[in-house]
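Following: one structure in structure tokens, then a few remarks.
The values are calculated or read from the model by the stated rules, or taken from the named source; none is laboratory data. Predicted, not measured: the structure shown is a model, and the values here were computed from it. Neighbour counts are summed over all protein chains in view; Cβ atoms, including those assigned to glycine, are modelled from backbone coordinates with ideal geometry. Heads up: the accessible areas ignore ligands, DNA and RNA and are worked out on the full protein's heavy atoms, side chains in. Shrake-Rupley method; radii C 1.70, N 1.55, O 1.52, S 1.80 Å.
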Amino acid sequence: MTGDGRRSARSRTKPSSDVNEDDDAFNKAKPISKLRRVKTKDHGTALRILNADLKIILGFGIVAALIIFFLVNHLISIAEEARRPRVVTPFPAPRIMDLPQFQGEHKESLYWGTYRPHVYFGIRARTPLSLVAGLMWLGVKDRRYFIRHICQDSDDLSTYGWTSHNGRDFGHQVLVDQDMTLATSFLKYKEDDSGYGGDWAVRINVQNQGWNEEMQKNVHLFFYLAEEDGNALSLGGDILDIHENSLLASGSRTDIGEWQLHVKSKADLEVHYSGLRTPHIHNLSDLVQENLASQLIRFNRLQLPDIYQSSSNILVFQISGRIPLETDIVFVSGAGENSRVEERISNLAGVSLTNQLNKKQREFDVKFESCFQLADKLDSNSIHVGKAAIGNMLGGIGYFYGQSKISIPKNSNVKSHDDFLLYWPAELYTAVPSRPFFPRGFLWDEGFHQLLIWRWDLHISLDIVGHWLDLINIDGWIPREQILGAEALSKVPAEFVLQHSSNGNPPTLFLVLRDLVNGIKKNKFTASESSEIISFLQQAFVRLEAWFQWFNTTQLGKDVGSYYWHGRDNLTIRELNPKTLSSGLDDYPRASHPTEDERHLDLRCWMLLAADCMNSVAELIWKENKPGKDYASTSNLLSDFDTLNQMHFDHASGAYFDFGNHTEKVRLSWKENMIGNNYVNRELVREVLERPELKLVPHVGYVSLFPFMTRIIPSESWILEKQLDLISNRSILWTNYGLRSLAKTSSMYMKRNTEHDAPYWRGPIWMNMNYMILSSLRHYSLENGPYRDKARAIYEELRDNLIRNVVQNYHQTGFLWEQYDQKQGKGKGARVFTGWTSLVLLIMAEAYNEM
């Protein structure tokens, strides 16, 4: 009999007449002395009373044991926390992503998405261990087959990218591989019977360009599902005949319930499969290629083997057919009994899917015009590029989970078996700069990304910024590059994996926060949106304070109001000018000899932005009861025009410069070293021809314009005219395609930094800096002052040049580029750079950030 049964039996037994009820009540209150007070000849009753006493005593013992257990564990936890190095200790405050506004419907609406930007087409959920889906195909080049899966330049696709994407439940992408054009469309839909996150469908359409060769008339697609948690997937059947049964796979998850994957098509398709068991999916392309190669060698068949390994957690389906071909892949969640599975599948395939995709495309077009209002400003070619800019920005948003690798801080007592420490397990929802080259989160890029995203979808933008701020550690530091999970790690060279806690990155998230605060002040948001922004800022404020304080202490210079980027190599013999990676401007020339005496102009201006934004946030959310730190005084100090000029202005050139231990007489020279008796090694090494001295570093470029970008210069000052002259001078910064990053007059202009490092920020045109310069040109063109007309003329010509060049490059090459050549305007660096180059859309819309 159960314990409940025993209690029930006892309650039905009448107490003995020899037992006084008052005594019984007393005995229950004091069980330890109960036997001494029982006066009965009924030994059965006495035994029952004894059993009850023992149960109560045992109950108290269990409670006490549990209390001790939890107390000991709490003490152990505290001890472990005390032993944990600070650099990998989370900031002790409530997480921003735990706010109610990020739960419920909001969280579910973003559950599924195209959150795998590093592959040509991939789907996952915003959860650490997700059911993952993706697409591969066999491309043909020089009469040879190649697997296409991971975005990479070596595949030599003519173009690929999202022509439309709303960031939530719809996207359309076009990929051109030689003479084959693939179009992938994504649609998400939630019905009453759906599981958590809803259902989704993928349409794959393949067309050709009039091929004649037989091998080019067929297409081999590979759609796969993979369980990151290792759970087995169920195959639809040993033989897959989609016209008899469309079911490809099924399974069950605690988050979404039972699910099914179906394929629907009117085309004559042949389907084969391979079930694989592996803990990793980042090498899935190789596994599929090995399967196909084995089949080709053994049976002369280019098809998967129709073999299911025991407990396979990956299922790959080969869908083959003649071009042109169209097929729909449908995923339904909550697929239990009475869930109308067949009806829901039908709604997400065929004509019904076509209608829904067309409707979503129309909605995208309407929202695009509502947000950016380009119809009366630009031609259709430019608007097409604008849509690609926002589509690729939103379609490139990814979800990552893992632990960053952090270098062990210098002068610390931390002991580790490895040369690194692991950050706590963390998730990150973020846009990425480039799908093939940088498909992960970069801190300073993200601030620029959000200038575009908040204007499209405020809630997505707050979600992304919240994820970034939740990565802050107890000291107020955020790792600048987020390499989370095996898939992200597989794309990063080993030398760039470790993150260094002494190094920062421009705090560009303050750009978007400032926009949001100004938007509330100018009533740009609805009451509901304003309320959510304020709730966000209230929760984030303590983290923002810690972040600001980290910069204001660790990057502080020797002089009041001075700052310098840490992390430069003062021992290098191979760099012409030691890089400043933490600044984001990498090889932009700084003082030739890094020391603590440096004063970096750009960091001073970023700190002004941060202080000014913190002051505005504090005023907005705290009203009169503002916290103790006085951000206004810091802002006033850093915006003081006279102090700025004393520290950074050169009267002779009319330009602002860094300050540091510097000489211009530095060069790279070839040096020969004997290795053994027979081998001579030649390498470029740095040669210093004169003793450096503390002085302004005379390189005109983007850094020189930071006081102009942050609008410290009064509109009536003659120094403003000097900046306008520098900007518009063709011998210095001006080109017909945008402003070059470094003046032609600089000794470092287009110089290699090492034998292997081509010039990066030493001449080419970058969109993020041009956007900020345009913002300030627009500002000064609207300010009363003697130079407003000059600013206006420069603004209009620069804007036209940037738009024309980016649009022309896009239509010629099919891509937005990382940077643009200052001589001919051609795209350079990473192609498919749909990060801050997408700011061209805001330039088209004349939507600029405000101070």
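Legend: distances between Cα atoms for K744/K823; K107/K629; K665/K695; K410/K695; K665/K823; pairs beyond 23 Å are K107/K629; K410/K695; K665/K823. Descending by average beta-carbon neighbour count within 10 Å, the peptides 729-737, 573-581 line up as 573-581, 729-737, the highest first. Could you state the angle between the C-alpha long axis of helix 788-813 and the longest principal axis of the C-alpha atoms of the chain, as a value from 0 to 90 degrees rounded to the nearest 10? Between helix and principal axis, roughly 70 degrees. Across the range 104-372, the volume of the C-alpha convex hull divided among the residues equals 142 Å³ per residue. Annotation: extensible slack from E690 through S310 equals 129.7 nm (criterion: 0.36 nm per residue apart, minus Cα-Cα distance). Considering only M136, I67, S746, the residue lying farthest towards the positive end of the dipole of the chain is I67, judged by Cα position with unit charges set on Cβ. Projecting the Cα positions of L325, G197, A791 onto the charge dipole of the chain (unit charges on Cβ atoms of Lys, Arg, Asp and Glu, taken about the Cα centre) puts G197 furthest along the positive direction. Computed from the Cβ-Cβ distance with R0 of 56 Å, the FRET efficiency linking Q209 to F420 stands at 0.70.
Between D229 and N570, the modelled labels are 5.2 nm apart [label points 7 Å from Cα along Cα→Cβ].
Dipole magnitude for the range 495-845: computed about the Cα centre from +1 point charges on Lys and Arg Cβ and -1 point charges on Asp and Glu Cβ, it is near 760 debye.
Measuring nothing but protein heavy atoms, the accessible surface of the range 495-845 at 1.4 Å probe radius is 47 percent carbon and sulfur. Using R₀ = 45 Å, calculate the FRET efficiency as 1/(1 + (r/R₀)^6) where r is the Cβ-Cβ separation of S502 and S294; round to 0.05. Here the calculated transfer efficiency is 0.35. Ordering G161, L720, Q207 by the projection of their Cα atoms onto the charge dipole of the chain, which places +1 on the Cβ of Lys and Arg and -1 on the Cβ of Asp and Glu, puts L720 at the extreme positive end. Surface composition of the range 185-340: carbon and sulfur make up 43 percent of the accessible area, probe 1.4 Å. Taking the average, over residues, of other Cβ atoms within 10 Å as the packing measure, peptides 487-493, 462-468 rank 462-468, 487-493 from highest down. What FRET efficiency would be calculated for the residue pair A183, A793, taking the C-beta separation as r and a Förster radius of 35 Å, to the nearest 0.05? The calculated FRET efficiency here is 0.20.
Is the shape of the range 292-406 rounded, prolate or oblate, going by the alpha carbon gyration tensor and its root eigenvalues a ≥ b ≥ c, with a/c under 1.5 for rounded and a/b larger than b/c for prolate? Judged from the Cα gyration tensor, the range 292-406 comes out prolate (a/c at least 1.5, a/b above b/c). Were the residues from N678 through E369 laid out at 0.36 nm apart, the gain over their Cα-Cα distance would be 104.4 nm. The structure shown yields percent of Cα pairs over 42 Å apart, and of the options [x] 33; [y] 43; [z] 47 that calculated value carries the label [y]. Charge tally for R116 (other residues, Cβ to Cβ under 9 Å; Lys, Arg +1; Asp, Glu -1): 0.
Beta bridges from DSSP with both residues in the chain: antiparallel share about 95 percent, rounded to the nearest 5.
Near the amide H of D306, within less than 5 Å, lie the amide hydrogens of Y273, all on another chain or at least 5 residues away, with H placed in the peptide plane. For K722, the aspartates and glutamates whose Cα falls under 15 Å of its own Cα, not counting residues fewer than eight places away in the same chain, are D650, D789. How far, in degrees from 0 to 90, does helix 767-782 lean away from the longest principal axis of the Cα atoms of the chain, to the nearest 10? Its long axis makes an angle of about 70 degrees.
Using a cut-off of 20 Å between Cα atoms, the listed pairs K367/K387; K558/K751; K671/K751; K141/K826 include K558/K751; K141/K826 as exceeding that distance. Put simply, the amide H of G122, placed in the peptide plane, has neighbours under 5 Å in R116, leaving out anything fewer than 5 places away on its chain. Listed peptides 534-545, 662-673 appear in the order 534-545, 662-673 once ranked by packing, highest mean of other Cβ atoms within 10 Å at the front. For K522, a cut-off of 14 angstrom between C-alpha atoms picks up these aspartates and glutamates, skipping any fewer than 8 places away in its own chain: E850. Dipole magnitude for the chain: about 1260 debye, using +1 per Lys or Arg Cβ and -1 per Asp or Glu Cβ, origin at the Cα centre. Relative to one another, the C-alpha centroids of the range 679-715 and the range 236-284 are positioned 58 Å apart.
For the chain, the solvent-accessible area of protein heavy atoms averages 43 Å² per residue (probe radius 1.4 Å; ligands and nucleic acids excluded). Looking at the range 193-288, none of the chymotrypsin sites (Phe, Trp or Tyr not before Pro) sits in a DSSP loop with at most 10 other Cβ atoms within 10 Å of its own Cβ.
Just from its helices, what would the mean residue ellipticity at 222 nm be for the chain, if runs of 4 or more DSSP H residues each count -39500 (n - 2.57) and the sum is divided by every residue, rounded to the nearest 500 deg cm²/dmol?
Details: 22 runs with 304 residues, N = 851.
Roughly -11500 deg cm²/dmol at 222 nm, from the helical runs in the chain.
Its Cα centre serving as origin, the range 163-300 has a Cβ charge dipole (Lys and Arg +1, Asp and Glu -1) of approximately 240 debye.
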